[in-house]
């Protein structure tokens, strides 16, 4: 059966101009294209060497970041790249070896190249605020690739505060292990747990802060990445020691250590 139309009836012939002629169409189209873009092949260390600038506020050696300055960190931060199969990286370390800066490289990489929701956890909320001001603000402000993506914190802008940084297609939330509300505030594809030996046994009496935080990554399944690191405290009681001992078979751990120090 065919429909009868009048010769004088207007004829509608849709085209791409008609379909996208509305406010916000270009932004919607760009967001759709961005969503189809695969994760980059660039590793975290390559990104840091190419884009990271160290601030005098946060480094004794300001200027362009060089992974060769701490070569033992290369394998660790490259395991955080989206193309690397590892999903949970555990680092038991000594003090002042550049681990937190390696984690900051990962944060910068996520903001610039692999955006998504990210949760960074310090031992307390107060330390989280200090970490944001002393590490994250210089990370963003000194690196042009990040500065253009993260707006400066403003009191009336709920998306960009000391503990929350919005960027295109992603969000960084910084919180303390003593805050259960902060640990269950959002799903997270990326999780950075720093100095876990200083975490309290329970977050506001709601349970283990590491377990609460890691539960945030379940939505992302195999696409999630978790980095745990700390200087160990008391042998036999250290959280990072337990995590490290459980992370790999002993022979594989020995190979990791040998590789880090140039051995076999």
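Restricting attention to the alpha-carbon atoms of the stretch 41-260, what are Rg (one decimal) and Dmax (integer), both in Å?
In Å, with Rg to one decimal and Dmax whole: 16.5, 54.
Can you give the relative contact order of the stretch 46-173 as a percent, counting alpha carbon pairs under 8 Å and 6+ residues apart?
26 percent
State the Cα centre-to-centre distance between the stretch 41-56 and the stretch 96-167 in whole Å.
The distance from the Cα centre of the stretch 41-56 to that of the stretch 96-167 comes to 15 Å.
Relative to 2.2 N^0.38 Å, what does the C-alpha radius of gyration of the stretch 143-232 come to as a ratio? Two decimals please.
Scaled against compact globular proteins, the figure is 1.18.
Can you tell me how much longer the chain between residue 83 and residue 211 gets when fully stretched, taken as 0.36 nm per residue apart minus their C-alpha distance, in nm with one decimal?
Extra length available between residue 83 and residue 211 comes to 43.6 nm.
Where in the stretch 163-205 does the label zone of residue 133 land, with the point 7 angstrom along Cα→C-beta and an amide N cut-off under 12 Å?
From the stretch 163-205, the list is 163.
Pop a pseudo-label 7 angstrom from the Cα along the beta-carbon direction at both residue 169 and residue 68 and give the gap in nm to one decimal.
Here the answer is 3.2 nm between the modelled labels.
Counting only C-alpha contacts under 8 Å and six or more residues apart, can you give the relative contact order of the stretch 139-223 as a whole percent?
Rounded, it is 21 percent for the stretch 139-223.
Given Cα pairs under 8 Å that are at least 6 residues apart, what percent is the relative contact order of the stretch 41-260?
Relative contact order for the stretch 41-260 comes out at 23 percent.
Here, each number is a calculation from the coordinates, and none is a lab measurement. Bear in mind that the values here come from a model prediction, so they are computed numbers and not experimental data. Here the Cβ is made from the backbone with ideal geometry for all residues, glycine too, and neighbour counts use every protein chain on show.
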